[in-house]
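Since the structure comes first, as structure tokens, the remarks are kept for the end.
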């Protein structure tokens, strides 16, 4: 029960890692708000997780976060833990990347993530924690991953600067970088069924533990960094990847 009397906002909390984190936060006593772009999954999350508040917002449109932030301000006046998890991915060889592909991914993963943090900061103060979802793709030369990897590498740079500027205010900023993880994003990678199956097999082979991670496993690391258990930790990028980077 590390989050009793805490207010948490999970941006991109309607599926995958974000939803897993939201469920764990509720179980540990937090007042939890989630956002996402898909109305059906938001409604399902609110229905299935008692106490969860789900509000539609598109991280690529910073102004769309205003309703959830205003509701939090009116009810609680603060955000204690912010999780920025929303993300999109695409696999495409460098010769085939278009400006539209680049802009669509970076509008969510990099620009969207930064402005989501910026808009939430007025509700945060001493003791607050921000956890950004990165990717080990930011440090690996995976063919076809240039657009996604660049966005997550940029987000890693953003997390360092946020941490540097906010540490004196008592706000900690950390990143969790998952390895291959079984989440819905793999089905939105732009590949057909055969391509997705091949990608999943390649991921399993590449991970020293011989499998993909589960959303709950990544979420546990995120909650640790947002909790007082990590009160002397800021600025890190925690790989939760079955040993993919270090082994």
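In the set (1) modelled with pLDDT of 95 or more; (2) surrounded by fewer than 19 Cβ atoms within 10 Å (Cβ to Cβ); (3) under 27 Å from residue 14 (Cβ atoms), residue 204 fails one condition alone, (1). For beta carbons closer than 8 Å, sequence separation of 6+ or different chains, a first residue in region 161-172 that is within 15 Å of residue 118 (Cβ to Cβ) and a second that is exposed (fewer than 13 other Cβ atoms within 10 Å of the Cβ), the qualifying pairs are 169/126; 171/126.
Checking the condition crowded, with 19+ Cβ neighbours inside 10 Å and either touching a helix residue (DSSP H, G or I) at 6+ places or on another chain (Cβ under 9 Å) or under 30 Å from residue 144 (Cβ atoms) (or both), which residue from 121, 69 passes? Break it down stepwise before answering.
Details: 121 fails: crowded, with 19+ Cβ neighbours inside 10 Å.
Answer to the selection: 69.
Where in region 87-168 are the helices (runs of 4 or more DSSP H), entirely inside, with at least 2 residues that are more than 17 Å from the chain's Cα centre (by Cα)? I'd like the intermediate steps shown before the answer.
Details: elements: 99-106, 113-120, 146-166.
Result: 99-106, 146-166.
Here are 45, 54, 74, 60: which of them is assigned to a loop (DSSP other than H, G, I, E, B) and either surrounded by 16 or more Cβ atoms within 10 Å (Cβ to Cβ) or over 16 Å from the mean Cα position of the chain (by Cα) (or both)?
Working: 45 fails: assigned to a loop (DSSP other than H, G, I, E, B); 54 fails: assigned to a loop (DSSP other than H, G, I, E, B); 74 fails: assigned to a loop (DSSP other than H, G, I, E, B).
Answer to the check: 60.
Tally the residues that are surrounded by fewer than 22 Cβ atoms within 10 Å (Cβ to Cβ) and in contact with a helix residue (DSSP H, G or I) (Cβ under 6 Å, 6 or more places away or on another chain), restricting the search to region 16-42. Final tally of qualifying residues: 1.
Suppose we keep only residues that are in contact (Cβ under 8 Å) with a residue 40 or more places away in the chain and over 11 Å from residue 109 (Cα atoms) within region 139-155. Which one would you say is surrounded by the fewest Cβ atoms within 10 Å (Cβ to Cβ)? So the residue we want is 143. Suppose we keep only residues that are modelled with pLDDT under 95 and touching a strand residue (DSSP E or B) at 6+ places or on another chain (Cβ under 8 Å) within region 61-109. Which one would you say is nearest to residue 37 (Cα to Cα)? By that ranking, first place goes to 86. Kindly indicate whether any position in region 179-199 is in contact with a strand residue (DSSP E or B) (Cβ under 9 Å, 6 or more places away or on another chain), part of a helix (DSSP H, G or I), within 28 Å of residue 2 (Cβ to Cβ) and in contact (Cβ under 8 Å) with a residue 60 or more places away in the chain. Among the residues of region 179-199, not one is in contact with a strand residue (DSSP E or B) (Cβ under 9 Å, 6 or more places away or on another chain), part of a helix (DSSP H, G or I), within 28 Å of residue 2 (Cβ to Cβ) and in contact (Cβ under 8 Å) with a residue 60 or more places away in the chain, which makes the answer no.
The values are calculated or read from the model by the stated rules, or taken from the named source; none is laboratory data. Bear in mind that the values here come from a model prediction, so they are computed numbers and not experimental data. Cβ sites come from the backbone with ideal geometry, for glycine too, and all protein chains shown count toward neighbours.
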